[in-house]
Amino acid sequence: MLQVNIQTSTKSYPVHIGKGAIQQLRDIIHGAEDSYTSIMVITDETVAQHHLDSFHEHTALEGIIEKIVPSGEQAKTFDVYKDCLSSALENKLDRKSLIISFGGGAVGDLAGFVAATYMRGIRFIQVPTTILAHDSAVGGKVAVNHPLGKNMVGAFHQPDAVVYDLDYLKTLPEHEVRSGFAEVIKHSLISDENFYYWLREEIQSLDKMNDSQLLEFLTKGIQVKGSVVAEDERETGIRAFLNFGHTLGHAIEAEAGYGKVTHGEAVAIGMLFSLQLSSQLLGLDFNREAFKIWLKNLGYETSIPAGLANEQLIERMKQDKKAVNNTIRFVLLEKIGVPALIEIEEKVLMMNLKKFVEEGE
């Protein structure tokens, strides 16, 4: 069992990570300085089916209110968000109540946004059940989707704690493992050349990762995220670097239809494109072809999905949260571990998108 402490300008909290970590949750709740009056756990249909009984068995918390929502990005709609608020009101949650997010990144975003806005903000705890959530569960960014953009309606709301039990990862389907591991790759590329090459050397198959490797790279990813958030909690500066690969990735997700392409698999394509831009615009010295082969061997698609028009992707990118006055900005790399936020002219972006699509054909 490991503990990583997250320190932000507004709050500090622990991340407990390891096999059996869920057993820490009861102590965290009963040890809170200001006790909770009631508890609502928000989870999705898939996690409820696989893990909700185990959750109750290991936490032995009494009187928990359960709210089960659709799985995946379908949880992050205005209708589901409103339904969760209605459940909180009907069950008389008050300002000293607690919301527990029990699931992957989508449930964490939803539950966190419910907590951030219910009665102007109540406390919540993240209990992630996916690899992807090692990124989203830390840092306090919570949101729901809008048809015109991913995560466009949200808030910054830090959890009281994160309890990350690696046993929950055993039931993940292959595409969810790939989705989560893409964010691990991202953390390595923006932070640490040694971390990146360790991943390249150690992880040759996503279905053969051992517990030691899993604990190593998830802890390292959380530490990278924590160090960035500590310096820039509200994304006024370097926190934007955590969006490496996300500008095109989010555009692909939105244009394809939320849930059609997983977040991490879209981000993997976005990272490849960002590396192409980095080589051309910043002179990045990086073996992109070897990286692409590694991704393919891990099961990733490396091309923009068929049927998505470059013009529409660019329009989506203009709605990206990093865009200013319709000027598209990308996180690029000067070298591994040295990211930069760069404005890119639309004609340059279009030229590179065409080249990227041609190389993928």
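Points to keep in mind about this one:
- Mean sequence separation of contacting Cα pairs (under 8 Å, at least six apart), scaled by the length of segment 77-123, corresponds to a relative contact order of 40 percent.
- The chain: angle of helix 246-256 to the longest principal axis, Cα-based, in degrees nearest 10: 80 degrees
- Remark on M152: its backbone amide H falls under 5 Å from those of H146, a criterion applied only to residues 5 or more positions apart or on other chains, H modelled at 1.01 Å from N.
- Fraction of the pair-distance distribution of segment 174-360 above 29 Å, Cα-Cα pairs, percent: 16 percent
- The separation of segment 286-333 from segment 5-53, counted between C-alpha centres, amounts to 34 Å.
- Rough spin-label spacing in nm, given labels placed 7 Å along Cα→Cβ, for E174 and E90: 4.0 nm
- Rounded to the nearest 10 degrees, the inclination of helix 346-360 to the longest alpha-carbon principal axis of the chain is 90 degrees.
- Computed per residue of the chain from DSSP H runs no shorter than four, each worth -39500 (n - 2.57), the mean residue ellipticity at 222 nm is -14500 deg cm²/dmol.
- Selected from E216, E45, E265 as most flexible by GNM, with the chain as the system and alpha-carbon contacts under 10 Å: E216
- Note on the chain: with charges restricted to the Cβ of Lys and Arg (+1) and Asp and Glu (-1), its dipole about the Cα centre is near 660 debye.
- Of the residues P128, G139, T117, the one whose Cα sits farthest toward the positive end of the charge dipole of the chain, with +1 on the Cβ of Lys and Arg and -1 on the Cβ of Asp and Glu, is T117.
- Rounded to 10°, Cα long-axis angle of helix 174-191 versus longest principal axis of the chain: 70 degrees
- Ordering of 125-137, 234-246 by burial proxy (mean other Cβ atoms within 10 Å per residue, highest first): 125-137, 234-246
- Computed Rg/Rh of the chain, alpha carbon atoms with Kirkwood Rh: 0.96
- The ranking of T247, T77 by Cβ neighbour count inside 10 Å, starting from the fewest, reads T77, T247.
- Here the gap between I238 and L341, fully extended at 0.36 nm per residue and compared with their Cα-Cα distance, gives a gain of 36.2 nm.
Coordinate-derived values only; no laboratory data. Nothing here was measured: the structure is a model prediction, and the numbers come from that model. FYI the Cβ positions are ideal-geometry reconstructions off the backbone, even for glycines, and counts take in every protein chain you see.
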